[in-house]
1. Quickly run through the range 230-248 and pick out the residues that are buried (at least 17 other Cβ atoms within 10 Å of the Cβ) and either part of a strand (DSSP E or B) or among the aliphatic types (A, V, I, L, M) (or both).
2. Are any of the residues in the range 261-277 part of a helix (DSSP H, G or I), buried (at least 16 other Cβ atoms within 10 Å of the Cβ) and not polar (S, T, N, Q)?
3. Would you be able to say whether some residue in the range 30-50 is closer than 17 Å to residue 94 by Cα, at pLDDT 75 or above and outside the structural domain of residue 94 (by TED's automatic domain parsing)?
4. Going residue by residue through the range 314-323, is there one that turns out to be surrounded by 16 or more Cβ atoms within 10 Å (Cβ to Cβ), farther than 16 Å from residue 160 by Cα and touching a Pro at 6+ places or on another chain (Cβ under 7 Å)?
5. Would you please name the residue that is surrounded by the most Cβ atoms within 10 Å (Cβ to Cβ), looking only at residues in the range 155-186 that are modelled with pLDDT under 95 and under 25 Å from the mean Cα position of the chain (by Cα)?
6. Which one of these does residue 221 not meet: (1) in contact (Cβ under 8 Å) with a residue 24 or more places away in the chain; (2) under 23 Å from residue 302 (Cα atoms); (3) in the same structural domain as residue 306 (by TED's automatic domain parsing); (4) of a type in the set (Lys, Arg)?
7. Based on this model, can you work out whether residue 118 counts as under 24 Å from residue 139 (Cβ atoms) and either crowded, with 20+ Cβ neighbours inside 10 Å or not assigned by TED's automatic domain parsing to the domain that holds residue 222 (or both)?
Amino acid sequence: MKNIYHRRDGRYEGRFSDERTNGTKYFYGRSRAEVERKIADFIASRGNSDCRLTVKMLFDEWLSAVSVKVKESTLANYRGKADAHILPKFGGLFTDELSADMVRGFIAERLSDGLSAGYTADMVILLKSVMKYGERVHEIKNNISEVILPKRRRTEIFLPDKAQQKCLEKHLSLNKSLTSLGVTLCLYTGLRLGELCALKWSDINLSDRTLSVSKTIQRIRCQHGTRLVITEPKSMSSVRVIPLPDRVLSLLANNMSAGENYLLSGTQKPIEPRTMQYRFKALLKKANLPSMHFHALRHVFATNCVELGFDVKSLSEILGHSGVEITLNRYVHSSLERKKRFMKKLCFAA
């Protein structure tokens with residue numbers, strides 16, 4: 001839509017409402033005809049919009065295509081990143097207008113806003129996936145395939161030392177509750193928080209001394225806020241059976257409830273991960289221990305298993321990893337004291 005006005009200074013001003021960007025373009029000239037020509041040239045330079053896709057149109061199509069292949073929580077993650085960051089910035093552009101320089105500028109802006117390199121990289125990967133789909137399905141020109149992702153920085157997770165671990169275990173043994181039972185279970189099995197919250201008593205087999213992991217629970221974003229969903233675990237390798245040590249077996253036997261009740265609540269209504277995190281923080285405070293993320297328990301379990309001589313393949317399967325590389329690179333931590341013990345074992349011939 002265009003409007004042309006005769007200004008008081010004698011010039012003509014043309015205003016063109018751009019529906020793709022919800023913005024207005026301004027054109028100036030000494031005559032109405034000059035302004036009309038400039039607007040016509042601008043429209044012609046963009047081509048026929050009826051046969052082109054905007055980034056938002058392509059994203060919506062891509063999201064519909066992948067919805068049959070990924071979990072609901074994954075879709076919610078994609079939609080959340082797109083709605084919060086990608087579409088407000090690029091949604092109104094036609095796909096062939098999206099340039100590598102624009103995406104590089106987007107990366108710089110997000111990093112300067114304080115977003116992590118990892119989160120920013122995830123958004124760019126998402127945008128690249130959408131454009132790659134358009135390239136394959138619609139033969140559009142993909143101008144951003146060579147954009148380099150920001151380098152992720154691995155953040156070290158705080159882990160309790162041996163003295164703090166003993167203090168935590170003592171507190172758990174002296175303060176019996178379903179919360180302390182859940183913390184102990186993670187400390188001795190490496191369960192993820194979502195897997196723990198989705199665990200039912202029917203998943204425990206005391207005679208076989210095993211625990212079966214087949215579900216996970218998390219809160220996801222939806223159109224009208226958030227909601228709790230229970231789905232299959234993170235990957236196929238996360239569906240697993242974990243042998244239980246004696247200490248955990250006795251605790252479970254003393255707290256056993258009806259099969260369809262959730263372990264953390266003792267009822268048929270689950271406790272969500274965020275609530276369990278709050279309870280864990282309160283437990284640490286009561287035990288006079290430093291604050292740590294619940295996920296640290298999984299790291300403690302993995303590191304302790306390696307120190308006890310577990311082979312990495314078995315540990316990887318207990319943790320539900322798709323490969324041993326993840327186990328070694330992310331979940332096995334070596335202290336300086338442990339390194340010193342190894343170095344002392346070196347012996348060279350005189």
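1. Within the range 230-248, 240, 242, 244, 248 meet the criteria.
2. Checked against the condition, which is being part of a helix (DSSP H, G or I), buried (at least 16 other Cβ atoms within 10 Å of the Cβ) and not polar (S, T, N, Q), the range 261-277 yields at least one hit.
3. Scanning the range 30-50 turns up no residue that is closer than 17 Å to residue 94 by Cα, at pLDDT 75 or above and outside the structural domain of residue 94 (by TED's automatic domain parsing).
4. Looking for residues that are surrounded by 16 or more Cβ atoms within 10 Å (Cβ to Cβ), farther than 16 Å from residue 160 by Cα and touching a Pro at 6+ places or on another chain (Cβ under 7 Å), one finds at least one in the range 314-323, hence yes.
5. 160
6. (2)
7. Answer is no for this residue.
One line per residue, one yes/no per condition, for (1) part of a loop (DSSP other than H, G, I, E, B); (2) over 30 Å from residue 307 (Cβ atoms); (3) outside the structural domain of residue 83 (by TED's automatic domain parsing):
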{"site": "122", "(1), (2), (3)": "no, yes, no"}
{"site": "142", "(1), (2), (3)": "yes, yes, yes"}
{"site": "146", "(1), (2), (3)": "yes, yes, yes"}
{"site": "151", "(1), (2), (3)": "yes, yes, yes"}
{"site": "154", "(1), (2), (3)": "yes, no, yes"}
{"site": "157", "(1), (2), (3)": "yes, no, yes"}
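The values are calculated or read from the model by the stated rules, or taken from the named source; none is laboratory data. Fair warning: this is a prediction, and the values are worked out from it, not measured in the lab. Please note: Cβ atoms are built from the backbone with ideal geometry, for glycine as well, and neighbour counts cover all protein chains shown.
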